[in-house]
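Engineer: Just dropping this structure here.
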Amino acid sequence: MGVQVVEIEEFLKLAKDYPILDVRSPGEYSHAHIPGAISFPLFSDEERAKIGTLYKQESREAAVREGLDIFGPNMRRMTEQAEAITGTQGAPQEKTLLIHCWRGGMRSGGVAWLLDLYGFKVFTLEGGYKVYRNWVLNMFEKRHLIRLVGGYTGSGKTSILQSLKKKGHQVIDLEALASHKGSAFGNIGMPDQPTPEMFENLVAMELYRQNSQNQEVWLEDESQRLGTVNIPNGLWQVMLQSSVSFVHVPFEKRLEHIVSEYGTLPKDRLVNAITRISKKLGGLEAKNAITYLEEGKTAEAFSILLKYYDKYYEKSLHKKPAWQQSVSFIDCADTDADRNADTILGHNAATVV
């Protein structure tokens, strides 16, 4: 059949069923990649740099010759790796692979030729990862149907999103994608954050998978910045205009929830986080919060922090366009996620009617 070159939309449809092999260098892949793609480098970072130098300083032919010297001895290993990925050991016929490089050029072409010759059914992405990145950025310019779950810190908003998902609603957990919970304490106990580019890729793919232009998707009402990454501006502008279901949970219940969530984290990391926000928190309040932590009075420490974040979130809420019309305050007795999710859904249904 030969290698088939497809455009981005067809490539992503195929990716729902077949593995993507990213043949760019390990450094390119680790910086950002198509979510779910497998690193399958044709060249190491050093080899790629050497070939690039030859291309610029000598000629295309010199670069190709160097590439062939590297590619040749690795052909068998690459076919065996492809077999391992597809589970075909010795019988690749009828097995499908998707391949891309940076621009859909020689790297993907070479690996696609090899695996096609070996017996795999191969599709390559026209324009490569560069075209995928354009697709990502275009995704944020589209109008998505967004609903937000809001509430002061400690209201259990993430748990509510999880409950909505269990109930069959479309949900995107931005904090999980960012590996950050939004506050100064948001990265404690979390995996390393993705690069800003990778975060955009993750969010765009979730919007695509969730059918966010035709059906509503629930997100948490966030600040635009989550640690070292930002919610893409196009999506952020939609979020600013979206309706917010604000769960109003009593302070004491939120304090209980936040202590159970953060109280067991390393004390030195908590102290460092308080120190970073000490100017905004106020010198005396920061000192008192740290002292309480060192004395083992976790609830007292977080009571100070919770009051600070309440004021911070209230200011951000009032900055929303026409916030009085777009924000619905919903009283909730505690942080029971399933009950609060049902209350939100009931309130929204009544509002629509």
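Engineer: Could you give me the ³J(HN,Hα) list for region 301-311, computed from phi with Karplus coefficients 6.51, -1.76, 1.60 and θ = phi - 60°, whole Hz, x at Gly and Pro?
Structural biologist: Once θ is set to phi - 60°, the couplings for region 301-311 become 5, 6, 5, 5, 5, 5, 5, 5, 5, 4, 5 Hz.
Engineer: Under a 5 Å amide H to amide H cut-off, with H placed in plane at 1.01 Å, what residues pair with ILE38 once short-range neighbours are removed?
Structural biologist: Excluding prolines and chain starts, which carry no amide H, the hits are ILE20, LEU21, ASP22.
Engineer: To the nearest 10 degrees, how steeply does helix 337-352 sit against the main Cα axis of the chain, on a 0 to 90 scale?
Structural biologist: Tilt relative to the chain: about 90 degrees.
Engineer: Moving on to the next point. Between THR275 and LEU117, how high is the FRET efficiency from 1/(1 + (r/R0)^6) when r is the Cβ-Cβ distance and R₀ = 45 Å? Nearest 0.05.
Structural biologist: Given R0 = 45 Å and the Cβ-Cβ separation, E is 0.15.
Engineer: Sort the following peptides by mean Cβ neighbour count (other Cβ atoms within 10 Å, averaged over residues), highest first: 64-73, 10-19.
Structural biologist: 10-19, 64-73
Engineer: May I pose another question? For labels at ASP69 and ASN138 in the simple 7 Å Cα→Cβ model, what's the distance in nm?
Structural biologist: The two pseudo-label positions are separated by 4.1 nm.
Engineer: So which trypsin sites (Lys or Arg not before Pro) in region 166-251 pass both tests, a DSSP loop state and at most 14 other Cβ atoms within 10 Å of the Cβ?
Structural biologist: For trypsin sites (Lys or Arg not before Pro) across region 166-251 that sit outside H, G, I, E and B with at most 14 neighbouring Cβ atoms in 10 Å, the list reads LYS167.
Engineer: Which number do you get for Rg(Cα) / (2.2 N^0.38 Å) in region 143-352?
Structural biologist: Expressed relative to 2.2 N^0.38 Å, the Cα Rg reads 1.02.
Engineer: I would also like to ask the following. What is region 4-136 by shape, rounded, prolate or oblate, if you read a ≥ b ≥ c off the alpha carbon gyration tensor as root eigenvalues and call it rounded for a/c under 1.5, prolate for a/b larger than b/c, and oblate otherwise?
Structural biologist: oblate
Engineer: Taking the alpha-carbon centroid of each part, what is the distance from region 39-64 to region 212-288 in angstrom?
Structural biologist: Taking the Cα centre of region 212-288 as reference, the centre of region 39-64 is 45 Å away.
Engineer: Further question: Relative to the Cα centre, what is the charge dipole magnitude of region 7-108, using +1 at the beta carbon of each Lys and Arg, -1 at the beta carbon of each Asp and Glu, and rounding to the nearest 20 debye?
Structural biologist: Dipole of region 7-108, to the nearest 20 debye: 100 debye.
Engineer: Could I ask something else about it? For the pairs LYS157/LYS253; LYS13/LYS142; LYS165/LYS315; LYS253/LYS297; LYS165/LYS267; LYS287/LYS320, flag any whose C-alpha to C-alpha distance is greater than 21 Å.
Structural biologist: Over 21 Å apart, Cα to Cα: LYS165/LYS315; LYS165/LYS267; LYS287/LYS320.
Engineer: Treat every Asp and Glu Cβ in the chain as -1 and every Lys and Arg Cβ as +1, leave all other atoms uncharged, and give the resulting dipole magnitude about the Cα centre to the nearest 20 debye.
Structural biologist: Dipole about the Cα centre, nearest 20: 620 debye.
Engineer: Using a Gaussian network model on the chain with a 10 Å cutoff between Cα atoms, which of ALA299, ALA49, ALA289 fluctuates the most?
Structural biologist: ALA49
Engineer: Which value in deg cm²/dmol, rounded to the nearest 500, describes the helix-derived mean residue ellipticity at 222 nm for the chain, given -39,500 (n - 2.57) per DSSP H run of n ≥ 4 and division by the residue count?
Structural biologist: Computed ellipticity for the chain at 222 nm equals -17000 deg cm²/dmol.
Engineer: OK, next. Along the charge dipole of the chain, pointing to its positive end and built from +1/-1 on Cβ of Lys, Arg, Asp and Glu, which listed residue (LEU317, LEU305, VAL3) has its Cα farthest out?
Structural biologist: LEU317
Engineer: Count charges around SER326 for me, please; just the other residues with Cβ under 13 Å from its Cβ, Lys/Arg as +1, Asp/Glu as -1.
Structural biologist: Counting the neighbours of SER326, the net charge comes to +2.
Engineer: Rank ALA82, ALA178, ALA204 by mean-square fluctuation in a GNM of the chain with C-alpha springs under 10 angstrom and give only the top-ranked residue.
Structural biologist: Evaluated over the chain, the most mobile residue of the options is ALA82.
Engineer: Please check which bits of region 125-156 a label hung off VAL6 would reach, taking the label as a point 7 Å along Cα-to-C-beta and the cut-off as backbone N under 19 Å.
Structural biologist: 125-136
Engineer: Can you tell me the FRET efficiency between ASP45 and ALA91 if r is taken as the Cβ-Cβ distance and R0 is 35 Å, rounded to the nearest 0.05?
Structural biologist: It comes to 0.55.
Rule-based calculations on the coordinates, nothing more; no lab input. Note that this is a predicted model, so its numbers are computed, not measured. Every residue, glycine among them, receives a Cβ derived from its backbone with ideal geometry; neighbour counts consider all protein chains shown.
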